[in-house]
Amino acid sequence: MRSVFLAGLALIVVACGKPKQEIVVLPEKEIEIDLSQVGRQKLSDYNFFEGPLNKLRPVEGVIPYGLNSSLFTDYAYKQRFVKIPAGQQADFSANDVMEFPEGTILIKNFYYPADFNKPTESINILETRLLIKENNEWKTLPYIWNDEQTEAYLNVAGKTIDISWKHFDGELRQIKYSVPNMNQCKGCHLRGDKVMPIGPTARQLNGDYSYADGKQNQLTYWQSHQVLKNLPVLNQVSRLASYEDKSFSVNERTRAWLEINCAHCHRDDGPAKNSGLFLLASEDNPSRLGVGKAPVAAGKGSGGLMYGIVPGKPDESILQFRIESVHPGIMMPELGRSVTHEEGVALVRQWILEMKPM
Amino acid sequence: MRYYLLLIPIILFSCSGKNSEPRVWQSIEQSLQTQLITVQDGDTIELPEGHYMFTKSLAMDGKSNIVIRGAGMNKTILSFKNQTEGAQGLLVSHGSNIVLEDFSIEDAKGDNLKVSEVRGLTLRRIRSAWADGPKTENGAYALYPVLCKQVLIEECIAMGSSDAGIYVGQSDSVIIRSSKAYWNVAGIESENSRWVEIYDNEAYENTGGILVFDLPGLTQYGHTTKVFNNHVHDNNHENFAAKGNIVASIPPGTGLMILATHNLEMFGNKIIDNKTVGTGIISYELVAALNEGEVEQEASIGGVQTVDNNFRTDSLYNPFPYGIHIHDNTFENSHWFPALGHDIGKLFAMKSFMNPPDIAFDGIADPRRSDRGICIREGEEAIVMNLDAANEFENLKINPLQFDCVGVKVELQ
């Protein structure tokens, strides 16, 4: 009865506030939908963590990891874990994602600290995405956390969450964070016609991680914990720069940023192969990288510009235009952000500015 | 019950004399998107009668043998008026044998309904519209199957698209029939598609009624089209497409436009009161020339086709129409003047004073094909014009029998 009353009141206010016809949307009824065919209903069902769920304290066999360069998703922080079935090992792959055994689960938590300058305090976890290798295929499962931060529930339809935080500069930021629906997972994770993980490649994992028992290179840690086999000596393993680490060159940092933000599609076997633009850090053909390349299927996304990259001229470069845009029909990447990655686009801008004309 | 009683005086006090009732929508966003993901092969998703508002694109991917059925196009309304995310209203991708029927889609930020890479698609009694009528800010396409095979669109309605209402692109084996398109820039458009039949439709009050286009630089080139028994009338709407898009070059008052395609037969159509031209047959050379100097592309929503002045570098593309057979149609035009705000309109007004052409061919020669097989038999009353556009219209000629020949009979099988 209370809800009837509230809805009625809202109608009156909008109806009489303005002469123009207003739109009133009644809240969606909570409907129980059986998702048992899709996956487990609750994150806690997997027993990845011990203690309060939102502390994300992994049980034995669930290994935290990080990437040298991380995809930008509206400034969300991420905490990643991998669970490889006991007694099994991933096979080292020099140029691609590790060959994980059947039953492997990749766990990625997205969260915002209330104050970015105190990143370990007052954390609000929004979602946890799982990639599970079953029957030799990767399955994508999104879980959304409750407000109490006690549980996350399987949700295939996606959700928009209002989130605010105090940014590095002390300003309050507010966005509508979008949890993708399950179909959208494929937007980034599709390689050919198969879903694939993106992050855990050799060159992304080849870096130090601060484990409970001290800092160590992740690949050697995996090897010593017997979850990785056929690891060559480390100095033969390629390493992607961290785009945040200024000890790397602008070129190395930019190529790392482009790889993790763009190359999941812009690669020979990715969904954007038709564009003729290839942004893996290993790409060494300037034309495939966009230099002096005319757009193929950009449509309005070209912004009336002629080439992907015009050396020395970021404002004449389609690539710069699209990574700066927040228009749904223009912006790149297409999914996963509603705001511009200011530090990232500044880096790319500098890279194009410093690029020597052909 | 007490709460309920409280409400009534408030309504009386504050709203007496006002007659603008708010439109109340329901939300089924989460549950419907969940269903679209969990639906099993062979299932039907029923959309009950009601008005439903969405804030994001709906998407179904990789499903087969699925029916999505509303309670009727005037009863089940899906509105994307509050959309903040995603470019389409409903996006169906991959999979096979998908039937969508008996509902309405309104006001998406980009295309209302896009179907990509589906084999076996039926759109039946779907109404797709931008409810506030024609506007440049409206989405590009109302009904948009692309890269599909075996497509049937019937008894649908498309209204308000800033590009094309019913638009089939890069698809094979397509039937568009018994549908209506009005207040779009292009009513019905078949683009780079093969084995297409367009019949028994009504296209009216668009900028251009029915377009059959073949454009460069896409995954496939179109051919083999039958356009018959359509009612194409009063397509005199101002052109509200965003500049740079290919349909922005359609002059208001265009009944049918045949661009750069081949193997097309057109008969039994009633082409009435389209003030500039009943049917135009043109090459991509003319489109490119008309667009020279225009900004090639401008920022707006979606991936609509734009004019590509680099088409000459596409060696597989033939910019010249050929094998075009037009016969036994009805042409009438009670307008004395074409659309004068457009160069083509001005030209017609000058060269065929107070008698806009029923059929106009640009006359630009194909250097690789002297016999183009362009055959027109519309009787001695028809105003048939050869523009000679390549030579500044020097030898522009009007003669009903100048293209009299035995044309191709288009067979689809």
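FYI, it's all coordinate maths here, none of it is from the lab. Bear in mind that the values here come from a model prediction, so they are computed numbers and not experimental data. Neighbour counts are summed over all protein chains in view; Cβ atoms, including those assigned to glycine, are modelled from backbone coordinates with ideal geometry.
Give the Rg (one decimal place) followed by the Dmax (whole number) of chain B, computed from C-alpha coordinates and expressed in Å.
Just the Cα atoms of chain B yield Rg and Dmax of 22.8, 85 Å.
On the Cα set of region A:27-162, report Rg and Dmax in Å, please.
Radius of gyration, then largest Cα-Cα span, for region A:27-162: 15.8, 50 Å.
Give the share of C-alpha pairs in each 5 angstrom bin for region B:223-287, from 0 to the last occupied bin, in whole percents, shortest bins first.
Reading upward from the zero bin: 4, 16, 24, 23, 22, 10, 1.
In whole Hz, what ³J(HN,Hα) sequence does region B:133-138 give by Karplus (6.51, -1.76, 1.60; θ = phi - 60°), x for Gly and Pro?
x, x, 8, 4, 6, 4
Which whole-number percent gives the relative contact order of region B:63-215, counting Cα pairs below 8 Å spaced six or more residues apart?
16 percent
Hey, how many Å between the Cα centroid of region B:59-108 and the Cα centroid of region B:221-245?
24 Å
Just to be sure I understand: if I project the alpha-carbon convex hull of the protein assembly as shown onto a plane and average over all orientations, what area do I get in nm²?
Result: 38.1 nm².
I need the semi-axes of the equivalent ellipsoid of region B:108-226: take the C-alpha gyration tensor, multiply each eigenvalue by 5, square-root it, list largest first in whole angstrom.
Value: 20, 14, 13 Å, ordered largest first.
Share of antiparallel DSSP beta bridges in the protein assembly as shown, in percent to the nearest 5?
Taking every DSSP beta bridge within the protein assembly as shown, about 30 percent pair in antiparallel fashion.
Tell me which residues come under 5 Å, amide H to amide H, from A:D115 once H is placed; ignore anything under 5 positions away on its chain.
So A:D115 has HN proximity to A:K166.
What is the extension gain from A:L26 to A:M306, computed as 0.36 nm multiplied by their sequence separation minus the C-alpha to C-alpha distance, in nm to one decimal?
That works out to 96.1 nm of additional length.
Find the Cα radius of gyration of region A:165-314, compare it with 2.2 N^0.38 Å by division, and give the number to two decimals.
Scaled against compact globular proteins, the figure is 1.26.
With r as the distance between the Cβ atoms of A:K356 and A:D193 and R0 = 41 Å, compute the FRET efficiency 1/(1 + (r/R0)^6) and round to 0.05.
It comes out at approximately 0.55.
Quickly estimate the mean residue ellipticity at 222 nm for chain B, helices only: each DSSP H run with n ≥ 4 gives -39500 (n - 2.57), and the total goes over all residues, rounded to 500.
-3000 deg cm²/dmol
Between A:E148 and A:K273, what is the label-point separation in nm under the 7 Å Cα-to-beta-carbon projection?
Between A:K273 and A:E148, the simple spin-label model gives 4.9 nm.
Can you give me the long-range amide H partners of A:F49? Hydrogens built in the peptide plane at 1.01 Å from N, cutoff under 5 Å, separation of 5 or more residues or another chain.
For A:F49, the qualifying residues are A:V59.
List every residue whose amide H lies under 5 Å from the amide H of B:A158, counting only residues 5 or more places away in sequence or on a different chain, with H placed 1.01 Å from N in the peptide plane.
Answer set, sorted by chain and number: B:S128, B:K180, B:A181, B:Y182.
Compute the semi-axes of the equivalent ellipsoid of region A:59-125, taking the square root of 5 times each eigenvalue of the Cα gyration tensor, and list them largest first in whole Å.
Those come to 28, 15, 9 Å.
Over region B:327-413, what is the relative contact order in whole percent, taking alpha-carbon pairs under 8 Å and six or more residues apart?
Once normalised by length, the contact order is 25 percent.
Quick one: 3J(HN,Hα) in Hz for region A:52-63, Karplus 6.51/-1.76/1.60 with θ = phi - 60°, rounded, Gly and Pro as x.
x, 4, 6, 7, 6, 8, x, 7, 3, x, 10, 9
Report ³J(HN,Hα) in whole Hz for each residue of region A:198-210, in order, from the Karplus equation J = 6.51 cos²θ - 1.76 cosθ + 1.60 where θ = phi - 60°; Gly and Pro get x.
Once rounded to whole Hz, the list reads 10, x, x, 9, 4, 6, 7, 7, 6, x, 7, 10, 8.
Across region A:19-77, what fraction of all alpha-carbon pairs, as a whole percent, falls in each successive 5 Å bin from zero upward?
Percent of Cα pairs in each bin: 3, 11, 11, 11, 14, 18, 11, 7, 6, 4, 3, 1, 0.
Can you tell me the FRET efficiency between B:L316 and A:E99 if r is taken as the Cβ-Cβ distance and R0 is 35 Å, rounded to the nearest 0.05?
E(calc), rounded to 0.05, equals 0.30.
Kirkwood Rh, Cα Rg: Rg to Rh for region A:99-246?
Ratio of gyration radius to Kirkwood radius: 0.99.
When the Kirkwood hydrodynamic radius is evaluated over all pairs of different C-alpha atoms of chain A, what value in angstrom, to one decimal, is obtained?
22.4 Å
Could you tell me what percent of the DSSP beta bridges with both partners in chain B are antiparallel, to the nearest 5?
5 percent
I want the local charge near A:F168. Using Cβ-Cβ distances under 13 Å, sum +1 for each Lys or Arg and -1 for each Asp or Glu among the other residues.
With Lys, Arg at +1 and Asp, Glu at -1, the net is -3.
Can you say what percent of the DSSP beta bridges in region B:316-408, counting only those with both residues inside, are antiparallel? Round to 5.
For region B:316-408, the DSSP antiparallel bridge percentage is about 30.
Report, to two decimal places, the Cα Rg of region A:164-203 normalised by 2.2 N^0.38 Å (N = number of residues).
Rg over 2.2 N^0.38 Å, computed on Cα atoms: 1.78.
Using helices alone, what [θ] at 222 nm do you get for chain A, with -39,500 (n - 2.57) per DSSP H run of 4 or more residues, divided over all residues and rounded to the nearest 500?
Mean residue ellipticity, 222 nm, calculated: -5500 deg cm²/dmol.
Which whole number gives the average, over all residues in B:84-92, of C-beta atoms from other chains lying within 10 Å of the residue C-beta?
Neighbouring Cβ atoms belonging to other protein chains average 3 per residue here.
Over 10 Å intervals from 0, what percent of Cα-Cα pairs in region B:78-137 sits in each interval?
Spelled out bin by bin, region B:78-137 gives 22, 50, 25, 3 percent.
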